[in-house]
1. What percent does the relative contact order of the range 48-135 come to when contacts are Cα pairs within less than 8 Å and at least six residues apart?
2. Decide, for the range 39-143, between rounded, prolate and oblate: order the square roots of the alpha carbon gyration tensor eigenvalues as a ≥ b ≥ c, take rounded if a/c falls under 1.5, and otherwise choose prolate if a/b is larger than b/c, else oblate.
3. Would you work out the charge dipole size for the range 24-143 about its Cα centre, treating the Cβ of every Lys and Arg as +1 and the Cβ of every Asp and Glu as -1, and quote it to the nearest 20 debye?
4. Heavy-atom accessible area of Cys81 with all protein chains present, probe 1.4 Å, nearest 10 Å²?
5. Where a ≥ b ≥ c are the square roots of the eigenvalues of the C-alpha gyration tensor, would you call the range 42-102 rounded, which needs a/c under 1.5, or, failing that, prolate if a/b is larger than b/c, or oblate?
6. State the percentage of accessible surface on the range 59-136 attributable to carbon and sulfur atoms; use a 1.4 Å probe and exclude ligands, DNA and RNA.
Amino acid sequence: MRFLLYLLLASAAYHVSAELTDECLACMCYVSSSGCVMPESVCQNNGWGEVCGPWSITKPYWIDANEPGGDYYTCVAAWDCNEATVRAYLKRYVSNPSATCETYARTHVGGPWGIDQDYATDYWYLVKDCLDYGLFTPPPEDE
C-alpha cells in the first residue's frame, strides 16, 4: 500500500511544473520588445515571419496556447492577453518540475524542440542579463 501511495505522489509531482516567476516573465518581455513595451505597430515582420505584441508571439504560438481571447489580432493588442498567451504556452510545453527561468526563456523563443539552438542560447543570455542587472519592469496593467 505504501508503495502505491509513493508511486501516486511521485507521478503527481512529475506532472507539476515549476512556477514561472514574474521577474522571468518581465525579462522575457523586456528582451522580446526592447524594454517590455507594446510596439507602436503591434505586429511586425522580423525577417522570418510576423511577430506581435511585447513578447513577440506568432500566430502558431498563440494557437498552441489554446487561442486565448478568441481572436489573434485582438489578443496581441492587449497586455493581459499577451501575458495569458505566454503563460499558457509555457504551461503546455514546460513540464519539468525543476524548470528554471532559463528553461522557460529558451522554450518561449525556441519552442519545445528548439531550446538548444544558438538563438535560444543568445536569447537566454539576454534574459539572464536582465535578471542579473534588474533591467525589467513588470508589464503595465490593462487600463
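1. Relative contact order here is 18 percent.
2. Rounded, since a/c falls under 1.5.
3. The dipole of the range 24-143 has a size of about 320 debye.
4. 20
5. The shape class here is prolate.
6. Of the solvent-accessible surface of the range 59-136, carbon and sulfur hold 50 percent.
The values are calculated or read from the model by the stated rules, or taken from the named source; none is laboratory data. Keep in mind that this is a model prediction, so the values were computed, not measured. All Cβ positions, glycine included, derive from the backbone under ideal geometry; neighbour counts span all protein chains shown. Heads up: the accessible areas ignore ligands, DNA and RNA and are worked out on the full protein's heavy atoms, side chains in. Shrake-Rupley method; radii C 1.70, N 1.55, O 1.52, S 1.80 Å.
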